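Report on the following structure.
Please treat every number below as a calculation from the coordinates, not as lab data. Predicted model only: the values in this text are computed from it and were never measured. Don't worry about glycine lacking a Cβ; one is built from the backbone with ideal geometry, like all the others, and counts go over all protein chains shown.
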Ligand SMILES: [Zn+2]
């Protein structure tokens, strides 16, 4: 008796099948592999695993760079600044009260949101097949040559 193995995703049938962006971002948000949703994306706090420990999907292609920090600052800034302004208009507490509330909250929110935002962005990159996630190396395009400019134009003085 033979056991047939049925593919569980479109990727097993068609390697260029569309990938669900929201699902991949949601999986990344909770630190799971964007491909299977089971394996871990991170091997440390913000250190992305080279491959998924469940399905083997290569995750080293990610190029999140500064984007997670940028988006985290934007989100936390809106929460903290709005909260501080509302509290000031509502109760006008002493400065130390603001410091006691908003500084720890800012630190807590940044540290908890940073891995989630980074995972979500890597999920986005994976779903859009960016930076080698589609199986094609990420190489820069050659610079376009302007009209009227010849190949030896750089040699003239
Ligand atoms: Zn996986």
Legend entry - Highest-first arrangement of 22-31, 118-127, 54-63, 77-86, where packing means the average Cβ count within 10 Å: 118-127, 22-31, 54-63, 77-86
Inset, instruction - May I ask for log10 I(q)/I(0) of region 19-133 at q = 0.14, 0.22 Å⁻¹, from a Debye sum over the Cα atoms as equal point scatterers with solvent left out? - result: -0.60, -1.07
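At a threshold of 8 angstrom on Cα-Cα distance, excluding pairs fewer than six apart, so keeping six or more, what relative contact order does region 19-133 reach in percent? List each step's numbers first, then the result.
On the way: 152 pairs, mean separation 48.5, N = 115.
Over region 19-133, the number comes to 42 percent.
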